Amino acid sequence: MKVLITGAKGMLGSDLVEVFKEKNYEVFPCDIDDFDITDNMATRQYIKAKNPDLVLHPAAYTDVDGCETNEDFAYKVNALGTRNVAVACRELDIPMVHYSTDYIFDGTNSQGYKEFDQPGPLNAYGRSKLAGEKFIQQVLDKFYIVRISWLCGHKGKNFIKTILRLAREKKELTVVNDQTGSPTFTIDVAKATLQLVQRPTY
Ligand SMILES: NC(=O)c1ccc[n+]([C@@H]2O[C@H](COP(=O)([O-])OP(=O)(O)OC[C@H]3O[C@@H](n4cnc5c(N)ncnc54)[C@H](OP(=O)(O)O)[C@@H]3O)[C@@H](O)[C@H]2O)c1
């Protein structure tokens, strides 16, 4: 089974590559230097040339503050870029796994969100990711949308690494105490993805 993974150098993407390789999938890891997902033609050409059986799509513009100052760019990558990947999957008639976020909700539910809760993003990142979800639902029949939160992995910046670094540098730490979330290890998301795609219940 051939699987193409976008954003393969990112925090989640790199663990997806490892977990799928371990299970003997033929993996095509790709990132922005292979093709830019905002380029419709390049995206479709690249994916179609590899002819995968499945696409995993963690690539995104994940800088939450950057999305706020450049919302057009956030939509370009997270909505239109995701649509370009979905169109390639439609043309190949293959399933796609898309990674979305708890930021599509308004954050007022302290009990945890369920699949049928109504989205209501409060920031540009959440709005752009929700637009990506909607494109996938319009373009594809065979898809999974995996809404994850607060990723921690070996690659990239994350809360645990930041606290460890600050703990080495400072005597006393000041940390926000008005944020609630479920930290999620990228390796767990990768393993759960493996289970998900083995059951074609889109
Ligand atoms: N991090 C979190 O806490 C979190 C929480 C919930 C959901 N998510 C979602 O989970 C997924 C993975 O997150 P992550 O933190 O692992 O992301 P990440 O580390 O920022 O990795 C994203 C990857 O996508 C690549 N990319 C960005 N723009 C691209 C483009 N136009 N074309 C092709 N590739 C592009 C990036 O390359 P460059 O580095 O060169 O830009 C990077 O390698 C994302 O969809 C994100 O929205 C993340």
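Read the figures in this text as sums done on the coordinates, not as results from a lab. It should be emphasised that the depicted structure is a prediction, and the values quoted were computed from it without experimental measurement. Quick reminder, even Gly has a Cβ in these numbers, built from the backbone with ideal geometry, and neighbours come from all protein chains shown.
So what's the angle, to the nearest 10 degrees on a 0 to 90 scale, between helix 159-169 and the longest Cα principal axis of the chain?
Between helix and principal axis, roughly 40 degrees.
Based on the alpha-carbon gyration tensor of the chain, what equivalent-ellipsoid semi-axes (square roots of 5 times the eigenvalues) come out, in whole Å, largest first? Write out the running numbers ahead of the final one.
On the way: eigenvalues 157, 78, 57 Å².
In descending order the semi-axes read 28, 20, 17 Å.
Which pairs break 32 Å Cα to Cα here: 114/170; 129/155; 76/171; 170/191; 21/142?
Correct reply: 114/170; 76/171; 170/191.
Using Cα springs under 10 Å in a Gaussian network model of the chain, which residue among 142, 161, 171 shows the largest mean-square fluctuation?
Per the Cα network of the chain with a 10 Å cutoff, 171 tops the list.
So how do 153-160, 189-196 stack up, highest first, on mean other-Cβ count within 10 Å? If you can, show how the numbers build up before the last one.
Numbers: 153-160: 14.2, 189-196: 17.2.
Per-residue Cβ counts within 10 Å, averaged per peptide and sorted highest first, yield 189-196, 153-160.
Work out Dmax and Rg for the stretch 114-153 from the C-alpha atoms and quote the Rg first, both in angstrom.
11.4, 31
Kirkwood hydrodynamic radius (Cα pairs, Å) of the stretch 141-181?
Numbers: mean 1/r = 0.0767 Å⁻¹.
So the Kirkwood estimate lands at 13.0 Å.
Rank the residues 125, 113 as a footprinting-exposure proxy: fewest other Cβ atoms within 10 Å of their Cβ go first. Write out the running numbers ahead of the final one.
Working: 125 24, 113 17.
Fewest-to-most Cβ neighbours within 10 Å comes out as 113, 125.
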